[in-house]
Amino acid sequence: MAYSPMTARSREEEHRTSTPLELFFDLCFVVAIAQAGARLVHALAEGHPGAGVVGYFFVFFGVWWAWMNFTWFASAYDCDDVPYRIATLVQIAGVLVYAAGVGEAFDENDWTVAVVGYIIMRVALTAQWLRAAAGETGAARSAALKYAAGLVICQAGWVGLLFAPDGAKRWLFLVLVAAELSVPVIAERGHRTPWHAHHIVERYGLFTIIVLGETIAASTVAVKSALDEHEALDLLLPIAGGGLLIVFAAWWIYFAVPMHEHLTSNREAIPWGYGHLLIFASGAAIGAGIEVAVEHAVGKAHISQVSASAAVTVPAAAFLFMVWLLHSRHFKRGPAQQLVLPVAALATLACTWTGAYAVLCAGLVGVVAVTVGVVLAERPAARAR
């Protein structure tokens, strides 16, 4: 495909959908998500939930933020020519390097390989923003240059983190997270980049599917491995069945509302986009929790039944609540509809104390939440008919 100037795409473009390159980009994140989930499983199964959750959040932030940077830029400036494709493929290579460094970052607080992966991604993305600036004028050019400068400054901070004392790294990490999150807020202050609402919602939905798909894959492998070693079908069936119901309900609930209708400006889009860190992280953590529950059922996890159950119910409840907070509440009418997901989240947490059937009970809560939500949504339409 021939080279063409990089100009902004129209916010009103019809039939804007994800491209094959974007889908390929998303797929490569499965590796990093799987690495983060595997480390979380090990930490929870060994009885180290605090260190496990903190480490998981840190490495998952890197996964999510790399995806975010590309996704919003592509929504505004994807021109799909040869330089754009090459720059995107370079970013994919950086993602894979980052994934290779997840283990060291999680286990040893050594971010060297992960930061190298980020450097690769940032070089390509900075070049993309500079190219966008070259094709713009006025406030749009200024916004693109701010993005490029912000990327360079923050990346310099990540490199500096490698030389900080081990005891200070995690606190400095939080400072750099705040700096990263501030870049779009500052850059967009005088000019809103022309991201496409329907396209952005689709991109987030596709990443949600990847996260839930990784949960199913990890859970399936865990159940199969346990059956091969222990043949404990009676112990594993409630976990496998309940886990499947949780994922099915999560999918149904997430895609139940036309979110693109709500994203009309940065005022709605930035909190929604940032808040998805918790949706994605909790969705992926459900799979890790199911693996922990399986390991406990066959006697391989050194934790209590309540802890093993909480490994599933806590992220499942967090997913339900965050989807309501960011997504569903904007389209619910009346207190009955508004209360479905918050009540379901509390009921899911209560399932923690139902013993070996905690995962199955949580799955049934998800089924009830979907059923009640569908019935309540149908009532106005039925009255209108």
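The values are calculated or read from the model by the stated rules, or taken from the named source; none is laboratory data. Given the structure is predicted, the values throughout are model-derived calculations rather than measurements. Note that we place each Cβ from the backbone using ideal geometry, even for glycine, and neighbour counts take in every protein chain shown. Calculation scope for accessible area: heavy atoms of the full protein, side chains included, ligands and nucleic acids excluded. Shrake-Rupley method; radii C 1.70, N 1.55, O 1.52, S 1.80 Å.
Number of residues in region 131-160 that are open to solvent by 40 Å² or more (accessible area, probe 1.4 Å) and under 15 Å from residue 183 (Cβ atoms): the value is 7.
In region 301-334, the residue that is farthest from residue 368 (Cα to Cα) out of those that are touching an Asp or Glu at 6+ places or on another chain (Cβ under 9 Å) and open to solvent by 20 Å² or more (accessible area, probe 1.4 Å) is 302.
Taking region 33-70 as the range and being among the small types (Gly, Ala, Ser), over 15 Å from the mean Cα position of the chain (by Cα) and part of a helix (DSSP H, G or I) as the test, the residues that pass are 38, 43, 45, 50, 51, 52, 55. Of the numbered criteria (1) more than 20 Å from residue 209 (Cα to Cα); (2) open to solvent by 50 Å² or more (accessible area, probe 1.4 Å); (3) not hydrophobic (A, V, I, L, M, F, W, C), the one residue 337 fails is (2). The residues listed here are 51, 38; of these, the one that is of a type in the set (Gly, Ala, Ser), open to solvent by 10 Å² or more (accessible area, probe 1.4 Å), modelled with pLDDT under 90 and farther than 22 Å from residue 97 by Cα is 51. Restricting attention to region 315-356 and to residues that are among the hydroxyl-bearing types (Ser, Thr, Tyr) and in contact with a Ser or Thr (Cβ under 9 Å, 6 or more places away or on another chain), the residue that is nearest to residue 235 (Cα to Cα) turns out to be 354.
Summed over region 5-35, the residues that are open to solvent by less than 30 Å² (accessible area, probe 1.4 Å) and either in contact with a Gly (Cβ under 6 Å, 6 or more places away or on another chain) or acidic (Asp, Glu) (or both) give a count of 3.
Which one is most open to solvent (accessible area, probe 1.4 Å) among residues in region 359-377 that are of a type in the set (Gly, Ala, Ser) and modelled with pLDDT under 95? The qualifying residue most open to solvent (accessible area, probe 1.4 Å) is 377.
For region 161-178, indicate whether the set of residues that are in contact (Cβ under 8 Å) with a residue 12 or more places away in the chain and small (Gly, Ala, Ser) is non-empty. No, every residue in region 161-178 fails to be in contact (Cβ under 8 Å) with a residue 12 or more places away in the chain and small (Gly, Ala, Ser).
Exactly one residue out of 220, 208, 215, 193 is crowded, with 18+ Cβ neighbours inside 10 Å and closer than 15 Å to residue 292 by Cα: that is 215. Per the listing 293, 281, the residue uniquely under 23 Å from residue 237 (Cβ atoms), in contact with a helix residue (DSSP H, G or I) (Cβ under 9 Å, 6 or more places away or on another chain) and either buried (at least 24 other Cβ atoms within 10 Å of the Cβ) or of a type in the set (Val, Ile, Thr) (or both) is 293.
What residue, among those in region 74-116 that are under 24 Å from residue 143 (Cα atoms) and of a type in the set (Asp, Glu), is farthest from the chain's Cα centre (by Cα)? Of everything passing the filter in region 74-116, 81 is farthest from the chain's Cα centre (by Cα).
Sub-8 Å Cβ pairs linking a first residue in region 266-289 that is under 16 Å from residue 201 (Cβ atoms) and of a type in the set (Ser, Thr, Tyr) to a second residue that is part of a helix (DSSP H, G or I) and open to solvent by 20 Å² or more (accessible area, probe 1.4 Å), at least 6 apart or interchain, are 274/181, ordered by first then second residue.
Would a scan of region 213-231 turn up a residue that is touching a Ser or Thr at 6+ places or on another chain (Cβ under 8 Å), within 21 Å of residue 362 (Cα to Cα) and modelled with pLDDT of 90 or more? No, region 213-231 has no match at all. Exactly one residue among 32, 66, 43, 51 is closer than 20 Å to residue 147 by Cβ and not charged (D, E, K, R), and that residue is 66.
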